[in-house]
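Here's the structure, in structure tokens; my notes come after.
The values are calculated or read from the model by the stated rules, or taken from the named source; none is laboratory data. This structure is a prediction, so every number in the text was calculated from the model and none was measured. FYI the Cβ positions are ideal-geometry reconstructions off the backbone, even for glycines, and counts take in every protein chain you see.
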Amino acid sequence: MAGREVIDRSRRPGPGPAPQIRLPRFERFRLGNGLKVVAVRHGALPEISARVVLKHGSTTDPAERAGTALLTARALTEGTEGRSAGAVAEWLDQLGAVFRVDVDHDSAVLSLDFLSRVRDEALQFLAEVMTRPSFEAKEVERLRDERLDEIARGLDEPRVVAALRWNEANFGGHPYGMRTGGVEETVRRIDESVLRGFHARHYRPASATLVIVGDLPELDRLKSRLETAFAAWSGEPTEPAPVSEPQPASSRRLWAIQWPGPQTEIRIGGLGIARLHAEYATVLVMNAVLGGLFSSRINMNLREDKGWTYGAASRVDARKQRGPLYVATAVDAKASVDAVREILGEMERMKTEPPDEEELGLAINALTLSLPRLFETVSQVAGRVAHQVIYGLPDDYWETYAQQFRAVSRADVQRAAERLLDTGSAAIVVVGPMRDFHAELQSLGEVEIRDIRGRPASL
């Protein structure tokens, strides 16, 4: 047809324009009890999302009672000084609100999403469950049993076993090597007195930040409402003990766990970077090229070329100190050792073959062009602002995010790979039918046989 545009379907479509994120100005103030507040008016809908950010994550747990921070947060809605667990649940239903807790190594975040018409009562709810939990023995026992069931169920899944054991092999005795929810031995030691003590020490207003986003009243009215809601919360600030820098291993660790079946779970990697590292954007681009995208080198190799797996991916998790950087996949058990060799080979290739312009462009576009979708709801915005609070990122961080990534060069990626992808000191964990390929696996280094709980074992 005359005048009709002809599309060349043999060529990849070009990317759209670079996204522009423009968040409203943050309004910062402190309440009389020391609680820091970050308020953001955002969106046209009558809804509000609140996040209480606490500095005390799972690294605050006593080693012998790992899981305390998580169980403390989960117990907040299981009864308060004035209401039973059932009454708290009914109150939340009446508000039509959604309450969540998220505890990781670096922080604990309590989230409440609600409509602005119930703003005052929702803030009262948040204040009551956070500052006046009862920690009744029967409720704590139930939560502890539920957590123990979660732990037991996880040990029935090879992917979970591989992830847990790899963290231990990689971090050793460092707090980052312990899962945030603890293990069976540590969780069994937690009772109501432990949770009360943790709450009394660490749930302090001057150690917390309230992020509140959405359909907010004028600043003076908001301050007044918050002062009223949190008036009874008091206590001097407490700072978590600093977490030491994880130390890289001097040699390769190769752990093998017997698990019958047709597949082998593989985890390979080492230490990545801290969240505030100057090369954060560069390392994320490197990871995208290595294994962070479907079109990444490792996935194209193991899935598309070899056909050994449904998918292989790499991940970098930047924390207050150096977090993990690793590759994860499940492969046909017959290809287990070859898959490990290929992954190690791709890690080495990142150091000698920088990404070409197409690889670099795909990685940067994947990390930046979808950014607006992460700010579509007030809950998403509150989550992003909470992330800024946890890691001390500047107010304009998301506005400048894309340009940080677009400044990354091929040479930058290669230098980051040279610094971080040390296959000679990598932690390698394989969970599969070890008896079938144990002898071959030994060609990659000294193999330590472990059981599903990480204890020394034999085949």
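Some notes on this structure:
- Criterion (aliphatic (A, V, I, L, M), assigned to a loop (DSSP other than H, G, I, E, B) and touching a residue at least 12 places away in the same chain (Cβ under 8 Å)) met by exactly one of Leu441, Leu459: Leu459
- Scanning segment 236-272 for residues that are in a loop (DSSP other than H, G, I, E, B) and over 30 Å from Ala208 (Cβ atoms) turns up Gln247, Pro248, Ala249, Ser250, Ser251, Arg252, Trp259, Pro260, Gly261, Pro262.
- Failed criterion for Thr180 (all others in (1) surrounded by 21 or more Cβ atoms within 10 Å (Cβ to Cβ); (2) part of a loop (DSSP other than H, G, I, E, B); (3) touching a His at 6+ places or on another chain (Cβ under 8 Å) hold): (1)
- If the condition is being in contact with a helix residue (DSSP H, G or I) (Cβ under 7 Å, 6 or more places away or on another chain) and of a type in the set (Val, Ile, Thr), then segment 98-146 contributes Val101, Val103, Val109, Val118, Val129, Val140.
- The test for being among the charged types (D, E, K, R), touching a strand residue (DSSP E or B) at 6+ places or on another chain (Cβ under 6 Å) and outside the structural domain of Lys320 (by TED's automatic domain parsing) holds for Glu47.
- Out of Ala411, Ala416, one residue alone is touching a Ser or Thr at 6+ places or on another chain (Cβ under 9 Å), on the phi < 0 side of the Ramachandran plot and in contact (Cβ under 8 Å) with a residue 12 or more places away in the chain. It is Ala416.
- Pairs with Cβ under 8 Å, 6+ apart, first in segment 19-34 and not assigned by TED's automatic domain parsing to the domain that holds Pro394 and at pLDDT 95 or above, second surrounded by fewer than 16 Cβ atoms within 10 Å (Cβ to Cβ) and of a type in the set (Ser, Thr, Tyr): Asn33/Ser234
- Some residue of segment 297-315 being within 21 Å of the chain's Cα centre (by Cα) and buried (at least 23 other Cβ atoms within 10 Å of the Cβ): yes
- Candidate set from segment 371-392 (those that are in contact (Cβ under 8 Å) with a residue 12 or more places away in the chain and of a type in the set (S, T, N, Q)); member that is nearest to Asp104 (Cα to Cα): Ser379
- Listed by first and then second residue, the pairs with beta-carbon distance under 7 Å, at least 6 apart or on different chains, first residue in segment 145-164 and within 19 Å of Gly261 (Cβ to Cβ), second charged (D, E, K, R), are Pro158/Glu265; Arg159/Glu265; Ala162/Glu265; Ala162/Arg267; Ala163/Arg267; Leu164/Arg179.
- Conditions (1) buried (at least 16 other Cβ atoms within 10 Å of the Cβ); (2) closer than 30 Å to Val38 by Cα; number of the one not met by Ala426: (2)
- For segment 23-112, the strands (runs of 3 or more DSSP E) that sit wholly inside it and include 3 or more residues that are under 29 Å from Asp396 (Cα atoms) and under 27 Å from the mean Cα position of the chain (by Cα) are 36-41, 47-54, 98-103.
- Failed condition for Val283, given (1) hydrophobic (A, V, I, L, M, F, W, C); (2) closer than 30 Å to Val160 by Cβ; (3) in the same structural domain as Leu393 (by TED's automatic domain parsing); (4) surrounded by fewer than 18 Cβ atoms within 10 Å (Cβ to Cβ): (4)
- Residue that is within 30 Å of Ile268 (Cα to Cα), in a helix (DSSP H, G or I) and aliphatic (A, V, I, L, M), where the choices are Leu226, Leu143, Leu164: Leu164
- Within segment 187-222, considering residues that are assigned to a loop (DSSP other than H, G, I, E, B) and of a type in the set (A, V, I, L, M), the one nearest to the chain's Cα centre (by Cα): Ile190
- Flag if Pro248 is free of Cβ contacts under 8 Å to residues at least 12 places away in the same chain and not aliphatic (A, V, I, L, M): no
- Taken together, the residues in segment 286-315 that are touching a residue at least 24 places away in the same chain (Cβ under 8 Å), of a type in the set (A, V, I, L, M) and closer than 18 Å to Ala162 by Cβ amount to 3.
- Failed item, numbered, when Gly43 is tested on (1) out of contact with any Lys or Arg (no Cβ under 8 Å at 6 or more places or on another chain); (2) within 18 Å of Ser116 (Cα to Cα); (3) at pLDDT 95 or above; (4) surrounded by fewer than 24 Cβ atoms within 10 Å (Cβ to Cβ): (3)
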